[in-house]
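Okay, so here's the structure we're looking at.
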Amino acid sequence: MSELLVIRHGQASFGQDNYDVLSDLGHKQSEAVGVLLRETGWVPDRLVTGTLTRQRDTLSSMGFAQAPEEHAGFNEYDFGDLLQARFKGDVPDLVKGDRKTHFRALRETVFEWQDAAFDGASETYAEFAARVEAARAFACDTKAKRVLVISSGGVIGQMTAMALGADKRHMMELNLQVKNTAMSRFMFSGPKFGLHEFNATPHFMTPSGADLLSYS
């Protein structure tokens, strides 16, 4: 069996004009998980990211200099676009500015998106699920024994729900649990694909590491 280790990117710039930039904390989180992998002897044979800046920069800050392969299927869904579609271009200020309200709206909006309850989004949920599956197949179509992927919370939630045979609602419940730079490990061989570990952050399990924990 081969391993597919999927790591969520480090903390991005929530509330800023450009979310797709790692914060200082995000770089520190990425460095910590990279150190952990090297200390435990887990050396990847293949590197893959999405095309987002925060994903590529996470890999760089982890200390891997090799240029990764890229697959856009590992990119996050565009929540800003979903909000604009759901609220017809008039997103409430509280949704944009209050963290608790924002994440409540995130959950509700994704559930409505899954049910095709609004139109106008640049991507349907079915299209999102299909591209995530295409990215998973791309990463597993290899002779490599250890594949490292840097992706995002929604993609990891979708991959995990698929591996468990769970219904679509579980994608979002899992998505909201995924910590920045958390590791989710899958095992694969040919058509076989299964979850081995979800949302692990051993690099935060020290007094100093605990200060690095974040979810967004």
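The values are calculated or read from the model by the stated rules, or taken from the named source; none is laboratory data. Note that the structure is predicted; figures quoted are calculated from it, not measured. Positions of Cβ are backbone-derived with ideal geometry, glycine not excepted, and every protein chain shown enters the neighbour counts.
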Query raised in the report: Which one of these is in contact with a Ser or Thr (Cβ under 9 Å, 6 or more places away or on another chain), under 27 Å from residue 30 (Cα atoms), surrounded by 13 or more Cβ atoms within 10 Å (Cβ to Cβ) and at pLDDT 95 or above: 143, 179?
Result: 179
**Report entry** Filtered residues of segment 182-197 (kept if exposed (fewer than 15 other Cβ atoms within 10 Å of the Cβ) and outside any strand (DSSP E or B))
**Finding:** 190, 191
Query - Count of segment 65-102 residues which are in contact with a helix residue (DSSP H, G or I) (Cβ under 6 Å, 6 or more places away or on another chain), part of a loop (DSSP other than H, G, I, E, B) and farther than 24 Å from residue 34 by Cβ - result: 2
Requested in this report: Taking residue 169 as the residue in question, decide whether it is surrounded by fewer than 22 Cβ atoms within 10 Å (Cβ to Cβ), basic (Lys, Arg) and more than 27 Å from residue 104 (Cβ to Cβ).
Outcome: no
Query raised in the report: Among the residues of segment 32-52, which ones are part of a strand (DSSP E or B) and polar (S, T, N, Q)?
Result: 49
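Residues are listed down the side, and each one gets a yes or a no for (1) within 15 Å of the chain's Cα centre (by Cα); (2) free of Cβ contacts under 8 Å to residues at least 12 places away in the same chain; (3) in a helix (DSSP H, G or I):
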position	(1), (2), (3)
132	yes, no, yes
158	yes, no, yes
166	no, yes, no
199	yes, no, no
210	no, yes, yes
Query raised in the report: Looking at (1) surrounded by fewer than 22 Cβ atoms within 10 Å (Cβ to Cβ); (2) under 23 Å from residue 21 (Cβ atoms), which is the one condition that is false for residue 149?
Result: (1)
Report summary line: Only one of 204, 193, 186, 111 is in the same structural domain as residue 36 (by TED's automatic domain parsing) and more than 18 Å from residue 8 (Cβ to Cβ), namely 193
Query - Conditions (1) surrounded by 14 or more Cβ atoms within 10 Å (Cβ to Cβ); (2) out of contact with any strand residue (DSSP E or B) (no Cβ under 6 Å at 6 or more places or on another chain); (3) at pLDDT 95 or above; number of the one not met by residue 41 - result: (1)
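Yes/no per residue for (1) modelled with pLDDT under 95; (2) over 11 Å from residue 151 (Cβ atoms); (3) polar (S, T, N, Q):
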| position | (1), (2), (3) |
| --- | --- |
| 9 | no, no, no |
| 21 | yes, yes, no |
| 46 | no, yes, no |
| 55 | no, no, yes |
Requested in this report: Would you point out which residue out of 2, 30 is in contact (Cβ under 8 Å) with a residue 24 or more places away in the chain, farther than 17 Å from residue 214 by Cα and among the hydroxyl-bearing types (Ser, Thr, Tyr)?
Outcome: 2
